[in-house]
Amino acid sequence: MKTKNKTIILGITGGIAAYKCCDLVRELIKEGADVHVILTESAKHFVTPLTLQTLSRNPVHVDMFATLAPQPANEKMSHPVDHVSLADKADALLIAPASANVIAKVAHGICDDLLTTTICATKAPVIFAPSMNSGMWTNPIVQGNIKHLKNLKYNFIDPEEGELACGYSGVGRMANTKSIKEAVLKLIK
Ligand SMILES: Cc1cc2nc3c(=O)[nH]c(=O)nc-3n(C[C@H](O)[C@H](O)[C@H](O)COP(=O)(O)O)c2cc1C
């Protein structure tokens, strides 16, 4: 198994395709990967930490400040800082679905939540699987951000054409689970 003992950080953002990530987590686990999920606050509207925690068999991370709670006196910090430990232990970071918002934030170095901060901190390869309405996908600002990130060696699995959840038809549907899984396997082999 190519992914045996490999750690994949899966960042899930606030898009309707987030529900497909439940399946993606199962597929990656079947390949032997250790999957750790980071949800954005928006993503919590689409999938629950409980579902992803159960499927990934690991705690799900949302809040950047969750591990910084005061520790009992004379005790060492029991948990490391999440964005650093997740960034360091990753063999790959997969962002699926990647919203227009997260792509823009990463392209501009914005680190205002756990996911964007972890992406900024990691030395591991990062792969985005964008998913959005076709109007958003064809917006020149979105395309400019993607071009900028590709120039910086960030990886992308382009969305497919088809019927979109918003009722539109066009490009913007997240690549299928099998294609995403294969792209990740290729990246960490
Ligand atoms: C029902 C619904 C579906 C959405 N789907 C998408 C989507 O597929 N792609 C996207 O880029 N934004 C989508 N959005 C907008 C994002 O949730 C919004 O831009 C949010 O700020 C993204 O935050 P995040 O990148 O931190 O997860 C959707 C919003 C709603 C209410």
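FYI, it's all coordinate maths here, none of it is from the lab. Bear in mind the structure is a predicted one, so any value in this text is a computation, not a measurement. Using ideal geometry, Cβ is built from the backbone for each residue, glycine included, and neighbour counts are taken over all protein chains shown.
Each helix, a run of at least 4 DSSP H residues, gives -39500 (n - 2.57); summed and divided by the residues of the chain, these come to -11000 deg cm²/dmol at 222 nm.
Given Cβ point charges of +1 (Lys, Arg) and -1 (Asp, Glu) and nothing else, what value in debye, to the nearest 20, does the dipole of the chain about its Cα centre take? Please list the in-between numbers first.
On the way: 20 positive and 17 negative charges, 123 e Å.
It works out to roughly 600 debye.
One equal scatterer on each Cα of region 1-61, no solvent, Debye formula: the resulting log10 I(q)/I(0) at q = 0.14 Å⁻¹ is -0.33.
Arrange the following residues from fewest to most other Cβ atoms within 10 Å of their Cβ: His36, His148, His45.
Ordered by Cβ neighbours within 10 Å, fewest first: His45, His148, His36.
Packing-based ranking of 161-169, 101-109, 26-34 yields 101-109, 26-34, 161-169, ordered from highest to lowest mean Cβ neighbour count within 10 Å. Take every Cα pair under 8 Å whose residues are at least 6 apart in sequence, average their separation, divide by the length of the chain, and the relative contact order is 23 percent. When you work out D = kT/(6 pi eta Rh) for the chain at 10 °C and 1.306 mPa s, using the Kirkwood radius from C-alpha pairs as Rh and the Stokes-Einstein form, the result is 95 µm²/s.
Peptides 135-143, 57-65 ranked from most to least packed, by the mean per-residue count of other Cβ atoms within 10 Å: 57-65, 135-143. Backbone phi angles across region 12-18, fed through the Karplus curve with coefficients 6.51, -1.76 and 1.60 (θ = phi - 60°), yield HN-Hα couplings of 10, 10, x, x, 4, 5, 4 Hz in residue order; Gly and Pro are listed as x. For region 122-163, dividing the convex hull volume of the Cα atoms by the residue count gives 72 Å³ per residue. Remark on Val126: its backbone amide H falls under 5 Å from those of Leu93, Asn155, a criterion applied only to residues 5 or more positions apart or on other chains, H modelled at 1.01 Å from N.
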